[in-house]
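Enquirer: Below are the structure tokens for one structure; questions will follow.
The values are calculated or read from the model by the stated rules, or taken from the named source; none is laboratory data. Small disclaimer: the values here were computed from a predicted structure and weren't measured. We place every Cβ from the backbone using ideal geometry, glycine too, and count neighbours over all the protein chains shown. The protein model used for the area step is the full one, side chains on, heavy atoms only, and it has no ligands, DNA or RNA in it. Shrake-Rupley method; radii C 1.70, N 1.55, O 1.52, S 1.80 Å.
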Amino acid sequence: MITHPFTYQAPATIEEAVQQLGKGDDAKVIAGGHSLLPLMKLGLAQPETLIDLRHIASLHQIRTEADGTIVIGALATHRDIAHDKTVRAKLAALADAAGEVGDLQVRARGTIGGSLAHADSAADEPAPTLAYDATIRAMGPAGRRDIAARDYFKGTFETALAANEIIAEIRFPAPAGRTGGAYAKFAHPASGFAVTGVAAVVTIKSDGTVERAAIGVAGVAAAAYRATEAERALTGTKADAKAIVEAAAKAANGITALSDLAASAEYRKHLVTVYAKRAIERAIQRARA
Amino acid sequence: MGHTVTVTVNGTSYSREIEPTLLLVEFLRETLALTGTHVGCDTSQCGACTVLVDGRATKACTMLAVQADGATVVTVEGLAKNGDLHPIQRAFAKEHGLQCGFCTPGLMITAVDFLERNASPSDAEIRHAIEGNLCRCTGYHNIVNAIRTASAEMRQAASGEAKIAAEVQP
Ligand SMILES: Cc1cc2nc3c(=O)[nH]c(=O)nc-3n(C[C@H](O)[C@H](O)[C@H](O)COP(=O)(O)OP(=O)(O)OC[C@H]3O[C@@H](n4cnc5c(N)ncnc54)[C@H](O)[C@@H]3O)c2cc1C
Ligand code: FES
Ligand code: FES
């Protein structure tokens, strides 16, 4: 039950939505509602106005641009993403992560734009968004703004997005030739959220040497992060078992880990190394395939 | 401020004036008096409120009724056709897939969406599909059996229909 009254609008264009959002009274956009409505039931969010994005057709699309950039509309649901052929083929770590979000019903409604805007520290999709060096394209009163994933995640429920901006799409550059990606998750047994989620994206040269390694980690720190020390350790190796273990062991270096009932900081840091190893192994397998 | 919404539920179109705060599950249960859809938790956890919205299994406690304007909804009351139970309903009865029955409407709807996309699932896939549906009674085992049995019956029915269609071909 929602007791706090609000007005509801469902504009047809993103420009109208931005305008309505900028009107000043406590307005919020709603996408899948799977983070916002539970907060509204608890009274933790009490918007005066809800601006539903669902009629903005372009936000639902997943498309590939001429240069190979894969563009995922903010309203693409976790389910749309997990089942999309292009995403599965080119952005396997994202497809894996989307397929691991919550449960079947949550994936049917929840959106990637909502997940990135809400920025729960335990959300899955931020990890592959970081690992693929995606760009978050936002629309605000001054027009369009592109935010690199690396500059986007600031903390738990904190991002570089301004209150008057709406995420329009998430842009994933086309991965180079022999690239493999994978997401490995230790899910909270009750909530399903990530206690640890690691997205690994690895590009190998024809001789099998690792050319580029990118590792995004969710669930562990206040904000999703790139495990740069682990990436450096893997790059230039032949990605044999020893190199993978050594790189994975560095995946929580320099990180202040969260501590809660599900996992202490120390345990979380251990989990990262285990799940980083699994994600890297699967990513390499896929890159070699 | 009231909004007029038009929602097709189990094949019938309903137009009603509602407040934006009304949840889809409240619209179904209170406005339309379709009480087969249950509310177990009202916190998006249990899946008792699951209905199909445009073919997708959705927790109706986590969607506003105004968001369903123009949508097609199927609830447990819409599963049987002309008095014939849906294969999933027959399978839950046959396999003893329920005890108190509170979770059953939501589980059957989730299973219908799932089997639509995966006609011959493994038990592991079935268990993954019903992660968003909690049952306090059965221990899930017979629910998994029921979904597997329904999938077999639905495959058989589909191949029967294909055969009839092939025979009818000139
Ligand atoms: C039972 C349950 C289990 C879950 N398990 C997981 C899990 O395991 N992993 C996981 O990652 N997530 C999980 N989630 C969260 C789920 O993925 C949400 O769908 C997601 O976090 C928010 O997406 P949404 O579309 O529902 O956003 P909404 O709830 O509609 O919005 C969330 C916030 O983002 C803002 N917003 C939404 N879209 C935009 C946009 N385009 N531009 C700017 N701001 C926007 C809203 O104003 C609001 O503040 C779970 C949720 C539930 C209910
Ligand atoms: S009542 Fe909707 S999930 Fe429990
Ligand atoms: S049969 Fe009682 S909750 Fe499932």
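Enquirer: Can you name the residue in region A:170-201 that is near ligand 1 (Cβ under 9 Å from one of its atoms) and not hydrophobic (A, V, I, L, M, F, W, C) and is also surrounded by the fewest Cβ atoms within 10 Å (Cβ to Cβ) among such residues?
Expert: A:191
Enquirer: As an exercise: evaluate residue B:108 against (1) away from ligand 1 (no atom under 16 Å from the Cβ); (2) within 14 Å of chain A (Cβ to nearest Cβ); (3) touching a residue at least 40 places away in the same chain (Cβ under 8 Å) and give the number of the one condition it does not meet.
Expert: Single failed check for residue B:108: (3).
Enquirer: Quick one: in region B:120-164, which of the residues that are within 16 Å of ligand 1 (Cβ to nearest atom) and in a helix (DSSP H, G or I) is most open to solvent (accessible area, probe 1.4 Å)?
Expert: Residue satisfying both the conditions and the ranking: B:128.
Enquirer: Okay, next question. Within region B:44-58, can you find the residues that are assigned to a strand (DSSP E or B) and within 16 Å of ligand 3 (Cβ to nearest atom)?
Expert: Selection gives B:50 alone.
Enquirer: Return yes when residue A:116 is assigned to a helix (DSSP H, G or I), hydrophobic (A, V, I, L, M, F, W, C) and over 19 Å from residue A:192 (Cβ atoms) and no when it is not.
Expert: So residue A:116 does not fit the description; no.
Enquirer: Further question: In region A:1-112, which strands (runs of 3 or more DSSP E) lie fully inside it and hold 1 or more residues that are within 14 Å of another protein chain (Cβ to nearest Cβ) and farther than 29 Å from residue A:173 by Cβ?
Expert: A:7-9, A:27-30, A:49-52
Enquirer: Any idea how many residues of region B:73-103 are assigned to a strand (DSSP E or B) and within 14 Å of chain A (Cβ to nearest Cβ)?
Expert: 2
Enquirer: Can you tell me which of (1) more than 16 Å from ligand 2 (Cβ to nearest atom); (2) in contact with a helix residue (DSSP H, G or I) (Cβ under 9 Å, 6 or more places away or on another chain); (3) without any contact (Cβ under 8 Å) to a residue 12 or more places away in the chain is the one residue B:127 doesn't meet?
Expert: The one condition residue B:127 does not meet is (3).
Enquirer: Do we find that residue A:217 is among the β-branched types (Val, Ile, Thr) and crowded, with 24+ Cβ neighbours inside 10 Å in this structure?
Expert: Taking the combined requirement at face value, the residue satisfies it.
Enquirer: Being among the β-branched types (Val, Ile, Thr), in the same structural domain as residue B:153 (by TED's automatic domain parsing) and away from ligand 1 (no atom under 16 Å from the Cβ), is that true of even one residue in region B:92-104?
Expert: Yes: region B:92-104 contains one or more residues that are among the β-branched types (Val, Ile, Thr), in the same structural domain as residue B:153 (by TED's automatic domain parsing) and away from ligand 1 (no atom under 16 Å from the Cβ).
Enquirer: For region A:232-249, check the following and say yes or no: at least one residue is touching a Pro at 6+ places or on another chain (Cβ under 6 Å) and more than 16 Å from ligand 3 (Cβ to nearest atom).
Expert: No, the conditions are met nowhere in region A:232-249.
Enquirer: Something else now. Tell me, please, whether a residue that is within 23 Å of residue B:145 (Cα to Cα) and either within 13 Å of chain A (Cβ to nearest Cβ) or touching a residue at least 60 places away in the same chain (Cβ under 8 Å) (or both) can be found in region B:10-25.
Expert: No: region B:10-25 contains no residue that is within 23 Å of residue B:145 (Cα to Cα) and either within 13 Å of chain A (Cβ to nearest Cβ) or touching a residue at least 60 places away in the same chain (Cβ under 8 Å) (or both).
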